[in-house]
Every structure is written in C-alpha cells, then in structure tokens.
1. Filtering the range 51-74 down to residues that are open to solvent by 30 Å² or more (accessible area, probe 1.4 Å) and among the small types (G, A, S), which residue is modelled with the lowest pLDDT?
2. If I ask for residues that are exposed (fewer than 10 other Cβ atoms within 10 Å of the Cβ) and of a type in the set (F, W, Y), which ones from the range 135-165 would you list?
3. Just to be sure I understand, how many residues within the range 12-31 are more than 13 Å from I82 (Cβ to Cβ), of a type in the set (A, V, I, L, M) and assigned to a helix (DSSP H, G or I)?
4. Of all residues in the range 54-95, how many are aliphatic (A, V, I, L, M), within 19 Å of L29 (Cα to Cα) and part of a loop (DSSP other than H, G, I, E, B)?
5. Which numbered condition in (1) modelled with pLDDT under 95; (2) under 29 Å from R164 (Cα atoms); (3) surrounded by fewer than 13 Cβ atoms within 10 Å (Cβ to Cβ) is the only one that E86 fails?
6. Name every residue in the range 89-116 that is within 18 Å of the chain's Cα centre (by Cα), farther than 25 Å from V54 by Cα and surrounded by 14 or more Cβ atoms within 10 Å (Cβ to Cβ), in order of residue number.
7. Considering only residues that are at pLDDT below 85, open to solvent by 60 Å² or more (accessible area, probe 1.4 Å) and either within 17 Å of V19 (Cβ to Cβ) or more than 14 Å from the chain's Cα centre (by Cα) (or both), which ones fall in the range 33-50?
Amino acid sequence: MMRTERVQTQVRQAAADDVPELVRLRALLFEDLGGEFFNPPSADGDWRHALAAVLKEQMTSDTVRILVVQPHPGGRLAACGIGTIEQRLPGPHLHNGRTGHVLGVVTDPEHRRRGHSRAVMRGLLDWFREQDAARVDLYASAEGEPLYRALGFDNLPDPALYWRP
C-alpha cells in the first residue's frame, strides 16, 4: 500500500505568471469529468486561448478569487480553485443577493490526497465570508462531493438545469 505524505499546504492568490498552469489544470479537470458535456466532439483547443485571456483579465477583479498551491517555487501548480461573486436580487432566501460560485477546484493527479483541495476550499470560503456572500454554490464531481459535504455543502432545493443556445 502506497502511503501519501501529508505536508503543510501553502495556498496563495494566483498571479499572471500562473496562467499557463491554470489552463493546464482546467484541462485536466475537463478530462477527469469526461463525457460529451465537458468534452464535446466539436471542441478544439481554442477554448484554452479564450480561458487564458479571461483569466488574465479577471485575475485582479474584486469579484474573482483564484487560489493556487505550488509546492516548489517556480515549479508546476499542484492545485487551484476559482471563486466568483455575483450580485443577484435580494430575497428572503438571499438577504443581500450576493451569491458565490466555486468553479473547478482541481488537483494534479501527482499531488492528490495531500489536502490541497481542502486548503484551497477553506481559502475560498474565507474569501466568500469576507465578501459577505449569502450563499455559495458549486457543482461537485463524484470524487469531490465528500470533501464539499464535509465542508458543509448541501443539496439545493431545486434541480440544476442548463440550456445551450
């Protein structure tokens, strides 16, 4: 049985130099999720260029937080997670209308089972609290669901649906 060494995970905010590694990790996420929804046959590599441009543009936004784990300075990223805040209309279930979204927490396969995703999620949850988010939503993979439930996430009362024009 292989033992995985637990080390102190240092989480930091992403910088512009991290963009190529963020694109690599997002590609790993979609490969892991698989299926035609996440990897449609018509997809080409252009989405990576579009992602890099949006990451660079959004990296300094007050409504986006990108956190990374980089075990060795100058080395590859081990994990990342992206959080966004959206201003929606307030209501009895959403007192200020501020909704957080967790987008794609992903850990490189070589660095899994070391607490990196948990550390990234804790950092994002702290940021959401600082941003006064009334609720935080995410879509969980089967592999990630136990972590999110352990952090207090629960089922939404309504089904999540989507539409593509």
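The values are calculated or read from the model by the stated rules, or taken from the named source; none is laboratory data. These numbers were taken from a predicted model, which means no experiment stands behind them. No Cβ is skipped: glycine too gets one built from the backbone with ideal geometry, and neighbour counts run over all protein chains shown. For accessibility, only protein heavy atoms count, side chains too; no ligands or nucleic acids. Shrake-Rupley method; radii C 1.70, N 1.55, O 1.52, S 1.80 Å.
1. G74
2. Y162, W163
3. 3
4. Within the range 54-95, residues that are aliphatic (A, V, I, L, M), within 19 Å of L29 (Cα to Cα) and part of a loop (DSSP other than H, G, I, E, B) number 2.
5. Single failed check for E86: (1).
6. Within the range 89-116, H111, R112, R114, G115 meet the criteria.
7. Step one: list which residues in the range 33-50 are at pLDDT below 85, which gives 33-46.
Still in the list and also open to solvent by 60 Å² or more (accessible area, probe 1.4 Å): 33, 36-39, 41-42, 44, 46.
Hits for the range 33-50 are E36, F37, F38, N39, P41, S42, D44, D46.
Each row is one residue, and each column tells you yes or no for (1) within 25 Å of Q70 (Cβ to Cβ); (2) not hydrophobic (A, V, I, L, M, F, W, C).
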{"position": "H93", "(1), (2)": "no, yes"}
{"position": "L103", "(1), (2)": "yes, no"}
{"position": "R112", "(1), (2)": "yes, yes"}
{"position": "W127", "(1), (2)": "yes, no"}
{"position": "L138", "(1), (2)": "yes, no"}
{"position": "E145", "(1), (2)": "no, yes"}
{"position": "R164", "(1), (2)": "no, yes"}
